[in-house]
């Protein structure tokens with residue numbers, strides 16, 4: 001095992017030379033990536049419709065292909081699900097990742113091709129390990145096993161044609177090479193179970209005696225698993241259960257609200273935390289510096305990136321920029337073209353670049369998850385940062401939260417309603433609310449101006465909801481486990497009212 005660990009660690013570190021190459025020549029790598037995408041799809045129905053054979057530049061590509069979203073691609077995706085091929089992409093597509101991070105009853109089915117699985121999702125998994133090995137030369141990552149949370153898969157039948165849909169995590173794990181199973185636990189019969197409560201129990205029992213060296217998953221669900229493992233083992237910390245655990249790869253939601261809880265549960269000061277930006281549509285970023293939470297934009301995964309300045313997003317013909325045109329500290333909506341047939345697809349996420357040499361960034365929120373009813377322009381990044389300050393000031397810890405506007409009549413001003421499930425209650429909810437309000441004012445000047453003398457916005461209305469409220473809400477939406485995430489902010493009151501109804 002030590003020899004295997006040495007060989008595997010060396011092989012992983014070799015990948016860093018390729019990463020350094022795209023860091024050095026980002027524009028060239030992206031231009032070549034677009035050329036390959038267009039060449040592969042030129043004879044597809046989509047490629048013929050948009051003249052890919054005569055598309056030889058980014059400018060031509062942007063002129064020939066309108067910006068897309070799921071609704072505009074849905075007709076073609078539904079055709080592929082029913083067995084038609086060579087429509088959006090030139091190779092057979094038989095997997096569809098069911099969208100996560102949404103509460104819509106109507107699901108999205110994101111196509112996953114062999115190329116996107118291999119060159120994007122698997123390479124992202126490889127590179128998170130390669131970067132960890134590079135940052136930690138003495139790693140023992142290949143002497144034990146990894147616990148990666150996954151959802152479940154369903155087989156769809158359309159006449160004689162069958163396809164599979166489910167969480168992307170389930171598609172990835174179900175198609176891993178045989179040798180990868182040696183480094184993973186629990187086995188597929190547990191990992192892909194669809195009954196979440198039963199899965200938690202079996203997963204905890206199956207992994208107790210394993211030598212776990214790494215964990216990967218969405219923080220909110222992983223925390224739930226870790227607490228169940230502690231209950232099952234009778235131990236006080238994960239360090240007692242898995243003393244060789246060395247890294248937690250996390251993504252899906254901001255880690256900030258969970259960090260202190262994980263430190264307490266793990267009780268392992270030398271544990272490493274590495275953030276990932278992997279979504280249903282692709283694997284986009286990896287934290288490549290331990291002392292900074294910036295993410296490195298991964299440019300050689302068969303994804304061509306474009307960026308819409310956030311103030312342009314709602315325009316009929318928004319300005320779209322390439323990697324060579326972006327600037328620091330500007331909020332951009334991401335647009336991607338992928339090797340699974342998502343062409344100029346508006347992803348719905350927003351980012352800000354913190355470095356252009358190389359291209360590093362932070363996720364700032366969602367194009368649909370913000371509050372801007374009164375001109376306050378609160379985004380998820382603002383909310384997360386303000387909550388951290390309020391928690392520090394009031395000795396609180398947050399498990400989950402969501403917020404939405406409150407509309408008053410013509411004689412009263414508006415407000416924001418926050419539903420917060422606390423892990424540790426604040427010393428005073430009133431003081432917590434005051435600190436949250438002050439932090440938002442210091443972070444967001446638009447919010448501060450709207451709060452001036454309560455003329456437009458009153459102080460936030462913070463409600464502490466009972467423990468388990470968000471779990472019950474997920475259960476009511478049939479969205480337990482996997483990569484499902486609580487919508488942090490909304491311009492509408494749908495989420496808040498649904499959750500409020502659970503404990504009335």
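Assorted remarks:
- Looking across region 293-306, the residues that are touching a strand residue (DSSP E or B) at 6+ places or on another chain (Cβ under 8 Å) and over 14 Å from residue 66 (Cα atoms) come down to 293, 294, 295, 296, 297, 298, 299, 301, 302, 303, 304, 305.
- For region 11-64, a residue qualifies if it is under 14 Å from residue 341 (Cα atoms), crowded, with 19+ Cβ neighbours inside 10 Å and more than 25 Å from the chain's Cα centre (by Cα), and the qualifying residues are 38, 40, 41, 44, 46, 47, 50, 52.
- Positions within region 465-504 being in contact with a strand residue (DSSP E or B) (Cβ under 9 Å, 6 or more places away or on another chain), assigned to a loop (DSSP other than H, G, I, E, B) and under 30 Å from residue 172 (Cα atoms), in sequence order: 468, 482, 483, 486, 487, 488
- Condition check for residue 288: touching a strand residue (DSSP E or B) at 6+ places or on another chain (Cβ under 6 Å), assigned to a loop (DSSP other than H, G, I, E, B) and farther than 30 Å from residue 81 by Cα: yes
- Looking at region 130-235, the strands (runs of 3 or more DSSP E) lying wholly inside it that each contain 3 or more residues that are modelled with pLDDT of 90 or more sit at 145-148, 212-217.
- Checklist (1) crowded, with 19+ Cβ neighbours inside 10 Å; (2) farther than 24 Å from residue 19 by Cα applied to residue 159, failing item: (1)
The values are calculated or read from the model by the stated rules, or taken from the named source; none is laboratory data. Computed from a predicted structure; not experimentally measured. With ideal geometry, Cβ positions are generated from the backbone for all residues, glycine too; neighbour counts draw on all protein chains shown.
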